[in-house]
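Input: a single structure, listed below in structure tokens.
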Amino acid sequence: MYYISTRNTTDRLTASQAILKGIADDGGLFVPEYFPTLQKSIAQLAEQSYQDVAFDVLSLFLTDFTHEELWHCIHGAYNTEKFTHDSIVSIKSIGNHHYLELFHGQTIAFKDMALSILPYFMGVSAKKQQQTKDILILTATSGDTGKAAMAGFSDVPNTKIIVFYPKGGVSHIQEMQMLTQAGENVHVTALNGNFDDAQTAVKQVFTDNDMIDAIGKYGYQFSSANSINIGRLLPQVVYYVYAYAQLIKTKQIQIDQPIDICVPTGNFGNILAAYYAQQIGIPIRRFICASNENNVLSDFFKTGTYNANRPFYITNSPSMDIVISSNLERLLYHMSGNDSAQIKQLMSDLTTTKRFTITEKMRHNLSPFIGEFATQQQTVQQIKQVYQTAQYVMDPHTAVADFVCHKVSHNDNYPIVIAATASPYKFPKSVMGAFDPQYLLQDDFVLVDTLQSHTNLPKPDTVTVAQQTAPRFNEVIDVSDIKVSILNKLQS
Ligand SMILES: *Cc1c(COP(=O)(O)O)cnc(C)c1O
């Protein structure tokens, strides 16, 4: 299996090369040259552990990894030290809504699913490519990626990680989780600006030749842990395969019965992984792309025009506060019939005019994708209503998806897997505020304890650690100072 850029299909890279490189030289994203198919029946997969399913899925894509290397990665990432649930993910079913809980990892959000294994992929890949330089990871985060990447890379030999987050754009708990992260090789810096400013700045540094030379002198080379890295995307395919097999096993659905998948979407990585799961053999009818008030994607799926020329809102589902969804480029590539020239043009339109419009043919191919959004008020209502009727506590991101499911369902009772992307403990203010607005004035950490006494939902250990540890970092900079800030950290 080789990987090619969405903007130029002449260079072919192995999986390990693509993982180390992160982004292609032409600015495109790496995609598999073709989609493989699952080698086992769903009935067989239904009897397997999460780790075994991970092996079956990942070995289809990482064909230059030996079986031994792949097991080393899987065992290092998906174990009961890093995940509090024996089966790594869990499914909570309420009627035809099946909440796929992806938040039992170290940072209680779904990005742990990929970021716990990516450092292992990189370690194996670096060895395979006989690299002499250490890996420097730069990550822009809207809250969850940063902590998950710091936890994943913490004290992993021959790596350093620097995370940038928008000051004021993440929750108090998210900020404290990052500022208290242990590890000699981890750093975190706040940027004045929003997430898109941070992501754009980091992307520019990656392709800046002067910076590549400068960090090379310190013995480093760049790599990316952002969801543009193919090594982030592939592990996310696993849980959709696993979830489908488990629903068969528990007889919630019949063999071959198609399902809908609904994902609270930001950078479009998670929902794209669901599409990859379908391509390798999971029967999926519709992909429901749920957004908050930053609804650029819902407009895109309705009109065929992606228009980033719009106000940016800071909402109560901050990990979805995004105007440029990077991973959409991969879907467009697949939908265009692998037409890299066309993708290059669309992305250049996006850079120059902040918008692009796809062809009728692509729109037609995109018809299994439905885009809708929830306002902040609707999100809060949904949290409250589901707790009142089913005693199920949702975080605001999951609630956005849940609301959107009701909005787009035809009351046909179709089985829907909803990606539950964060623990309610990550966003206690929004959750408790939904029950009673008086809580909106209280501190996150006070509300963590209130949430526990109110709902009896067990409080994760990682929250207690963030509550009780002193911050290790305090740097706040302007975007224009990002290069100096990076180089300073390599000198020490
Ligand atoms: C990152 C994140 C999302 C968005 O996922 P994408 O893969 O970027 O679309 C949704 N919910 C939570 C809690 C997240 O951390």
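Identify the single condition in (1) in contact with a strand residue (DSSP E or B) (Cβ under 9 Å, 6 or more places away or on another chain); (2) part of a helix (DSSP H, G or I) that Ile418 does not satisfy, given that it satisfies every other one.
(2)
Every residue in region 53-93 that is open to solvent by 50 Å² or more (accessible area, probe 1.4 Å), over 21 Å from Gln17 (Cα atoms) and not in a helix (DSSP H, G or I), please.
Across region 53-93, the qualifying residues are Thr80, Glu81, Thr84, His85, Asp86, Ile91, Lys92.
Inspect region 274-287 for any residue being in a strand (DSSP E or B), within 14 Å of the ligand (Cβ to nearest atom) and closer than 16 Å to Thr398 by Cα and give the result as yes or no.
Among the residues of region 274-287, at least one is in a strand (DSSP E or B), within 14 Å of the ligand (Cβ to nearest atom) and closer than 16 Å to Thr398 by Cα, which makes the answer yes.
Please find, within region 103-115, the residue that is nearest to the ligand (Cβ to nearest atom) out of those that are closer than 20 Å to Lys160 by Cβ and open to solvent by 10 Å² or more (accessible area, probe 1.4 Å).
Taking the candidates together, the pick is Lys111.
Of the residues Ala149, Ala214, Ala182, which single one is out of contact with any Gly (no Cβ under 9 Å at 6 or more places or on another chain), away from the ligand (no atom under 16 Å from the Cβ), modelled with pLDDT under 95 and of a type outside the set (Phe, Trp, Tyr)?
Ala182
Can you run down the residue pairs with Cβ atoms below 6 Å, 6 or more apart or on separate chains, where the first is in region 341-353 and under 12 Å from Glu329 (Cβ atoms) and the partner is in a helix (DSSP H, G or I) and open to solvent by less than 70 Å² (accessible area, probe 1.4 Å)?
Here the result reads Ile343/Leu332; Ile343/Tyr333, each pair linking region 341-353 to a residue that is in a helix (DSSP H, G or I) and open to solvent by less than 70 Å² (accessible area, probe 1.4 Å).
Tell me which helices (runs of 4 or more DSSP H) are completely within region 312-374 and hold 3 or more residues being among the acidic types (Asp, Glu), or say none if there are none.
Where helices (runs of 4 or more DSSP H) fall fully within region 312-374, none carries at least 3 residues being among the acidic types (Asp, Glu).
Name the pairs whose Cβ atoms lie under 8 Å apart, with the first residue in region 366-384 and over 15 Å from Ser430 (Cα atoms) and modelled with pLDDT of 95 or more, the second of a type in the set (D, E, K, R) and assigned to a helix (DSSP H, G or I), and 6 or more positions between them or separate chains?
So the pair list comes out as Gly371/Asp299; Gly371/Lys302; Glu372/Lys407.
The values are calculated or read from the model by the stated rules, or taken from the named source; none is laboratory data. Because the structure is a prediction, the values reported are computed rather than measured. For neighbour counting, all protein chains shown are included, and Cβ atoms are generated from backbone atoms with ideal geometry for every residue, glycine included. When the accessible area is computed, the model is the full protein with side chains, heavy atoms only, and any ligands, DNA or RNA have been set aside. Shrake-Rupley method; radii C 1.70, N 1.55, O 1.52, S 1.80 Å.
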